[in-house]
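What follows is a short report on a single structure.
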Amino acid sequence: MAQSFLLCCSSSSFPPHPPSSSSFHYRQKITNASSVPSYSSRHFKLPNFSSSHQPKTLLQDAKLDDPNAKSSPLSKTSIWVNPKSPRAKHLWKNSYHARSSSLTKLAKSLDSCNPTQEHVSEILKVLGDSVLEPDAVFILNSMVNPYTALLAVEYFKQKVKSVRHVILYNVTLKLFRKVKDFEGAEKLFDEMLHRGVNPNLITFSTMISCASVCSLPHKAVKWFEMMPSFGCEPDNNVCSSMIYAYTRTGNTDMALRLYDRAKAGKWHVDTAVFSGLIKMYGVSGNYVGCLNVYNDMKVLGAKPNLTTYNALLYAMGRAKRARDAKAIYGEMISNGLSPNWPTYAALLQAYCRARFNRDALNVYKEMKEKGKDLDILLYNMLFDMCANVGCVDEAVKIFEHMKSSGTCPPDSFTYASLINMYSSIGKILEMEAMFNEMMESGFEPNIIVLTSLVHCYGKAKRTDDVVKIFNQLMDLGISPDGRFCDCLLYAMTQVPKEELGKLSGCVEKANPKLGSVLRYIMEKQEGGGDFRTEASELFNSTEADVKKSMCNCLIDLCVSLDVPDRARDLLDLGLTLEIYPDIQSRSQAKWSLHLKRLSVGAALTALSVWISDLSKALELGEELPPLLGINTGGGKHRFSDKVLPTVFESYLKELKAPFHKDANKAGWFLATSEAATSWLQSRGSTVALPQ
């Protein structure tokens, strides 16, 4: 049975949604960037305007560019026609279906014609001398070539009566947005002004969205801030889209101001805007802000996409919040999203920075299984983590796979991480083999590599090799930094006393201030005030991450060379300068001494001072709390002083002190008030430091 069709009474009416035109030969494929908010004129709220003098038409979406158009579609009258009727063919030719089809063909012809006014006029002359405005808008809306569209606009301005030129310009601006030609859009806007055409809200929203899809957030901000000077007030949709632009330009205050308005006004906020806010907070280090935005999305019913999750994971990685990253990744998977390469990269960063070695290695294995190659940064993050947590076998396997893959050769940082790994566990032969491989690969040793070598040779008591590395550093013209000097000092705490002179000379050349403090200790010079002054100047000029280690080593030397007064001076300076923060804590129930991360010499010195303070408290008639505790640390981390609990257990027994290991807390030694008081009164106020 033949199907019937509907005809509109107005022969100049067209479908409400014009058919999309396929790309023509000159145009490259355009993809939508997930990180850019979507903008559409259908989102803008336009005021109502009576337009009864205009011909009734179904071309409502074209009129969305007209700020004076009605927001509701015009009513139309339809009649049923029997397709078998002899008049059916005649009526079909005059229907809006046929009309829109012919206009679409004209648009396609314009897209592919030579960009000259002559060719464009030749194609459009079939419309006659009086072109209807809806026809002109329909054709422009159906085009994809903005350059021939410009010529069509010129033609229509001559042929269309009572045309509102801003509509034609707005439609053409959208074509420039389609092909991501922001410069062309700006030139067209300048032409509008030159011809006396006033821009409206749609003009500016199109320019702003064009800047956004062209990844020009600074331009979007410029056009947004131009609107008031043209008498245009941005609506909620434009303001909402600008949150993303302000996050991209680093204007945090404006982005948050608009975001707060969006939440208060319950505006529509695109998912990309949330992603931009999370990135902004992540870059500024406000990781709580990242999670707050993520929670806002849940409350507002916005669905996070892969870009959102990746931004969150990167932020959690920078914050070393691996547990949060793991939970977020689990939510992502449960929401049906599959990880891509940036997802894995963000997870690896989060796990490696937080030293979650099992999770990091699982991500590495999953990437291998899915054929996702690691870049040099990801490999080096893995090696650095392995060096810090002692995953030697795993690091070796990853290194061999890296070299065999042929896609990512090791760089100097790769070798530095592996040399540091072998240095930390004292494997000299493996360290030297890796150093030789690095040299054969054409990489010169840097300060990191040479520091690792000094540490390893010092730990092995190979004094001459330490001096050799120091001389090599000087020959290469590398300035010794605080960490290198600290490793020289560490070597001095390990080598025999008779060889200290070889290394002290290196220290004086590397850091004269440190050499001066060292002479006070080694030569047992008098003058406590001068020593404290010079030591204070040394610590104030030393990098923050090296101060504690350097102070530990100096105190260890004092203990080894039997200079206890200098050791106490250094400990007191460490407390004053907050190198050793929160070393003591007091409550009504318990007084504690916290020695975690202190060297053996520094911890024993701190114990001596603490016992002296307890004795003085008793002498002044002060009562001790029910419990006294010494915390030497659990020794779980490979670089924590595992030996410290063992040393203290032996030393406390030697002192016959009433402190005993806590069965429930590793590294803790506890004593009751009664037992401690009796012991302190029996032995006096001083405790000699062991040699």
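Each value in this text was obtained by applying a stated rule to the coordinates, not by laboratory testing. In this text the structure is predicted, and so the values were computed from the model without any measurement. FYI the Cβ positions are ideal-geometry reconstructions off the backbone, even for glycines, and counts take in every protein chain you see.
Determine ³J(HN,Hα), in whole Hz, for all residues of segment 221-227 in sequence, where each value follows from phi through the Karplus function 6.51 cos²θ - 1.76 cosθ + 1.60 and θ = phi - 60°; x replaces Gly and Pro.
After applying 6.51 cos²θ - 1.76 cosθ + 1.60, I find 5, 4, 5, 5, 7, 7, 4 Hz.
Counting only residues 5 or more places away or on other chains, whose amide H sits under 5 Å from the amide H of GLN584 once H atoms are built in the peptide plane?
Sorted by chain and number, the residues that satisfy this are HIS594.
List the residues whose amide H sits under 5 Å from the amide H of VAL160, counting only those 5 or more places along or on another chain, with H placed 1.01 Å from N in the peptide plane.
When sequence neighbours closer than 5 places are left aside, the close amide H contacts are VAL131.
Kindly flag which residue pairs out of LYS502/LYS524; LYS590/LYS616; LYS590/LYS665; LYS174/LYS266; LYS368/LYS403 have an alpha-carbon separation exceeding 21 Å in this structure.
The answer is LYS174/LYS266.
Taking the Cβ-Cβ separation of ARG358 and SER112 as r and a Förster radius of 60 Å, what is the calculated FRET efficiency to the nearest 0.05?
Efficiency for this residue pair is about 0.50.
Below 15 angstrom from the Cβ of GLU523, what's the summed charge of the other residues (Lys, Arg +1; Asp, Glu -1)?
-2
Loop only per DSSP, at most 11 neighbouring Cβ atoms within 10 Å: give me the trypsin sites (Lys or Arg not before Pro) in segment 205-303, ordered by residue number.
Answer in residue order: LYS266.
Find how much the distance from GLU437 to ASP562 grows on full extension, using 0.36 nm per residue of separation minus their present alpha carbon separation; answer in nm with one decimal.
40.7 nm
Given LYS326/LYS372; LYS547/LYS653; LYS178/LYS263; LYS279/LYS303, which pairs have Cα atoms separated by over 27 Å?
With Cα atoms farther than 27 Å apart: LYS547/LYS653; LYS178/LYS263.
Working out 0.36 nm times the residue gap between SER673 and GLU191, then minus their Cα-Cα distance, what length gain in nm do you get to one decimal?
Value of the extension gain: 164.6 nm.
Once both labels are modelled 7 Å past Cα along the beta-carbon direction, what's the THR576-ARG257 spacing in nm?
Modelled inter-label distance: 4.9 nm.
Based on alpha-carbon centroids, what's the gap between segment 503-528 and segment 320-364 in Å, whole number please?
That distance is 48 Å.
Would you kindly derive the ³J(HN,Hα) couplings of segment 283-298 from the backbone phi angles with the Karplus curve 6.51 cos²θ - 1.76 cosθ + 1.60 (θ = phi - 60°), listing them in order in whole Hz, with x for Gly and Pro?
Result, ordered by residue: 5, 7, x, 8, 6, 5, x, 4, 5, 5, 5, 4, 5, 4, 4, 5 Hz.
Quick one: length gained pulling VAL647 to ASN540 fully straight, 0.36 nm per residue minus the C-alpha distance?
35.4 nm
In nm, give the distance between the simple-model label positions of ASP464 and ILE447, each being 7 Å from the Cα along the Cα-to-Cβ direction.
3.0
Given R₀ = 60 Å, what would the calculated FRET efficiency be for ARG519 paired with MET226, taking r from the Cβ atoms and rounding to 0.05?
0.30
Quick one: Karplus J couplings for segment 432-445, per residue in order, coefficients 6.51, -1.76, 1.60, θ = phi - 60°, nearest Hz, x for Gly and Pro?
5, 5, 5, 5, 5, 5, 4, 5, 5, 7, x, 9, 7, x
Taking the highest mean first, how do the peptides 606-617, 393-404, 408-419 order by number of other beta carbon atoms within 10 angstrom per residue?
In descending order of packing, they fall as 408-419, 606-617, 393-404.
Return the distance in nm (one decimal) between the two label points of a simple spin-label model at GLU331 and LYS298, each offset 7 Å from Cα along Cα→Cβ.
Distance between label points: 0.5 nm.
Using a Förster distance of 22 Å, how high is the FRET efficiency between ILE428 and GLN472, based on the Cβ-Cβ distance and rounded to 0.05?
Efficiency, from the Cβ-Cβ distance: 0.85.
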